Each structure stands twice: as C-alpha cells, then as structure tokens.
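The values are calculated or read from the model by the stated rules, or taken from the named source; none is laboratory data. The structure displayed is predicted, hence computed values, not measured ones. Cβ sites come from the backbone with ideal geometry, for glycine too, and all protein chains shown count toward neighbours. Protein only, heavy atoms only, side chains kept; ligands, DNA and RNA dropped before computing areas. Shrake-Rupley method; radii C 1.70, N 1.55, O 1.52, S 1.80 Å.
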Amino acid sequence: MTTQGLQVTGIVLAGLRLLVSVLVTLHVLRTKRDIGASIGWIGLCWLAPMSGGVLYVMFGVNRVRRLAQRLVRRRPWSSRRGVSTRRRELHGPYALLSEAVGRLTGRPLLGGNAARCFHDGDTAYPVMLDSIGAARRSVLICSYILHDDEAGGRFVDALIAASARGVAVRVMMDGIGSGYFRCKAARRLRAAKVPTVRFMHSVWPWRMPFINLRTHKKILVVDGLTGFTGGLNIARENVLRFKPKHPVSDTHFELRGPVVHQLTEAFARDWVFTTGEDLDQDLFFPEQEPVGDALMRVVTSGPDTDIEKIEFAIMQGLAMARRSIRLMTPYFLPDERLLTVLAMAAMRGIEIDVVVPEQSNQRLVDWARDANNGPLLEAGARIWLARAPFNHSKLMVVDRFWSFIGSANLDVRSLRLNFELNVEIYDELNAVRLDDYIREHRHRRVTHHDLDKRNFPRRLRDQAARLMLPYL
C-alpha cells in the first residue's frame, strides 16, 4: 500500500474511532443513571474506542429494559375484574408507606388475604406437592433452582402428572441456577410435553451479556387461587431430614386471597417476556374471594421497567420505622444509600437487628460483609450471626406490624441485576411471628472488637472482596 493509501486509511480509522466514542458517549449520557458507570464507559471508549465500543454494545446496553418496555406498551398490565373490589386504603401511621409503595409499583393494596409460613423444605414441600396434586385448572411455577433430585424429582413427577390429566402447566426455571449446560429437570419436563422454559438461557456468544441477569423469583400458583412464594428453592439441600452435606434452612409462604392474582400477573409478565405467549386468560385469573384479614401487595424488581423497586420499598419501610427494624438475610451487602438509611434509623433511636449466617455458602460474600459492617455498628445497629444450618431466609419486619418477605437478598446483585419478587404484608399477627423468628436466631453478636481483632492480611482480603460488591 502506498504512503498516500496508508494516510487515507489512518484518517478513516481515526474518524471511525471518533464516531464510536461520540456515539457511545451520547448513548451513555441519554440512558445511564449511575454516575460512576457512566464515567467508566465514557472513559473506556475514549481511551480504547474500538474494543471499548464492542464491550459497551455487549455489556452496557440494557436490551432487557427495552424489550420489557415494548411488551408493557403492547399489554399495559393492570388489576383485572373481581380484584379491584378488594382494593384497600390504609389509615393510620403506615398510610404514607402504603401510598408510597402503591405509587412505586402501580399495584393496589389488596385486602382479604391470609398467609401461612413454613420453615425448610421439610414442611413446605409436602404442602406444595399436595397443592399441585389437587390442581384442576392450572399450575404456574418459577424457581431459580429446580433440581431433578430426591426432592425436586417429586415436583417434576407432580408437574408431569398434572399436565397428563389436562391441567395447564407452565414451568420456568433460571438458565443458570438450575444448571447452565445440563438441566435434567427441564429435559424430563420437555420430554413429557410440559411447556418449560429456561430464563435467559443461550449458548450463543452475542447472548452472553444475559448471563449476569437472572430470575431469582420463587412462584407457585395453583388454579389461580393458592400461591406460594418466599426464598425456598427446590432441591435436596433444603430438606433437612435428608441430611444433605450442605443443609439450607429457608422460609416460604402459602398465600391465599386476592393477592394471588398479583403473583399470577408477575409470572405472566415473565412468561410473555420469555416465550411471547400471553397468559391473560380467565383460566389463570379466576375470580377471587376474601379468605382473611391481611392486606398485601406484590413488589417486583429487575433490570427492566421495575428497576430498584424492591430496594426503594425497603428504604421507605426503614424511613417509616418508629420502634424496631428486624432484618434476616443470607447475604448482607447493601449499597451506600441503603446503608445510610439504615444508619440514620439507628441514630434516631430505632432498635435495629440484622441477622446473617455465621457462614454462608458464598465465602467471598462473607469476607465483603465483614468489611461493610463497620459504619452500621458505629451508628448503633446490632448485627448477629446465626448458627448452622445456613439460613437462606429473606425477612424484614418493621415495628412488629409491617412485613416484607420474598426472594430478594440485601445485596447489590439482588436489588439491581436479578429479577426478584417480594410481598409486603400489613398484618400484626404475621409480623409478630416473623419478628420473633428473627430474634430467636440472634445467636452471636458482632462487635467492634470482632472487626478490630482481624489481622492486616484478613482486613486487606475483606476490603478487596468488598470492591466486588456489585457482582457478588
């Protein structure tokens, strides 16, 4: 190539680099809210335009939100007939909290509900399986983990049997949590002609950005009338009587009443998002009757149109607390703003107890957690370690009246990247039971002395792990 040709090529490449840098900068400025992420992407694409541009297209563009927005425009989900009559307006000290969460979610607070709590798969699984076995119209199930093992295999059998007797069954499991390369449960369900999908699962390289976006929801709805949700996955490790090598304790809930409609709606959103099939039919949304006195509302979040809604609901609850806040979570890695709201509540005299496992199943998370505890302890909050077995429960109780239960952990990944589902419950009886359960697991208190006695290498390790907080 001649000298002149090389000069022309250089000019073209320089122009292309400039164009890529400008286009990425404009897109970041228009779509990104996080200042740190914005500065990082813009800086990368000006320093290394071509490779930075490719990385931004792969990992920086939220295609999930764009797809979700198109689906919402096509079907503006709203409460259906028969449920709107169960709308309730709360009065008293928690009215502002209810109004705020209502505006946040766009879902009404529904009355006439009842909740039953289970601890561990030993008590929850039999009830869930009996419910599937008695299904006559429909079964919708979504789980982050659904293994075809000693415990999960019974669910696979029950779902296949329900489908064989004419029940409309839909199964969704996460594309990573239930096994990325091999998923025996999905394979067996599909072989039996049961409609089954794996959420955001693909082996194609251009789909790799979705590996980081998981559905962590746990939903089971039977005949549109009985719902189950909470933190419980479906696998052998959750059944303590099987004596698994790494036992997991967890909390799950059976919900009945009009709020089950909102559970169904949450599943239907994810199903149409994943498959394109619309479940907006009376088969899945039967008329609801009141069965109790509890007021409930579903809150969903994810990197789509629901981004950060569970975190905002949590912060609203913390801000409204007048006496006590109890938190139980397997992974406690709140971001700075959530940590600040917690610390401010402690400083105004609210009694705060945070219960975490003495040792979780994620060693890096435990290290980062230790580095993150200092500011909260300084503000006057109490942090407790729960003894084995590893407790995977996600519970929040404010003033022994308002409960917030579901699948969301108190970490950045869960609150920003995962698709999660929680339920707020305004019911004193339920709240007192959960509050007592959390308090019963305050086995060993974490103190400043515990943090101070860490040697230098351990502190360095913990601080290094904390840098990965958004990805843990």
**Asked** Using r as the Cβ-Cβ distance of R182 and L385, and R0 as 51 Å, what FRET efficiency do you calculate, to the nearest 0.05?
**Response** 0.90
**Request:** Report the one residue of V259, M200, F228 whose Cα lies farthest in the direction of the positive end of the charge dipole of the chain (charges on C-beta: Lys and Arg +1, Asp and Glu -1; origin at the Cα centre).
**Result:** M200
**Message:** Beyond a 21 Å Cα-Cα separation, which of these cross-linked pairs lie in this structure: K184/K394; K217/K394; K217/K309; K32/K394?
**Reply:** K184/K394; K32/K394
**Item:** Centre separation in Å (Cα based) which lies between segment 304-363 and segment 106-164
**Value:** 28 Å
**Added length on full extension, which subtracts the Cα-Cα distance from 0.36 nm per residue, L16 to R454** = 152.5 nm
**Fill in**
Computed for the chain: size of charge dipole around the Cα centre, +1 on C-beta of each Lys and Arg, -1 on C-beta of each Asp and Glu, debye to nearest 20, value 1040 debye
**Item:** Estimated distance in nm for a label pair at V127 and E289, the labels positioned 7 Å out from Cα along Cα-to-Cβ
**Value:** 2.0 nm
**Asked** When you count, for each residue, the other Cβ atoms within 10 Å and take the mean per peptide, how do 276-282, 236-242, 406-412 rank with the highest first?
**Response** 406-412, 236-242, 276-282
**Message:** Ignoring ligands, DNA and RNA, please state the percent of accessible area on the chain from carbon and sulfur, probe 1.4 Å.
**Reply:** 57 percent
**Asked** For the chain, what is the accessible area per residue in Å² when the probe is 1.4 Å?
**Response** 45 Å²
**Prompt:** How long is the gain from E358 to L23 if the chain were fully straight, where each residue apart is worth 0.36 nm and the alpha carbon distance is subtracted?
**Reply:** 115.8 nm
**Asked** Highest mean first, what order results for 21-32, 316-327, 134-145, 220-231 on Cβ atoms within 10 Å?
**Response** 220-231, 134-145, 316-327, 21-32
**Prompt:** Which whole-Hz couplings ³J(HN,Hα) result when phi for each residue of segment 161-169 is put into the Karplus expression 6.51 cos²θ - 1.76 cosθ + 1.60, θ = phi - 60°, listed in order with x for Gly and Pro?
**Reply:** 5, 5, 4, 5, 8, x, 6, 6, 10
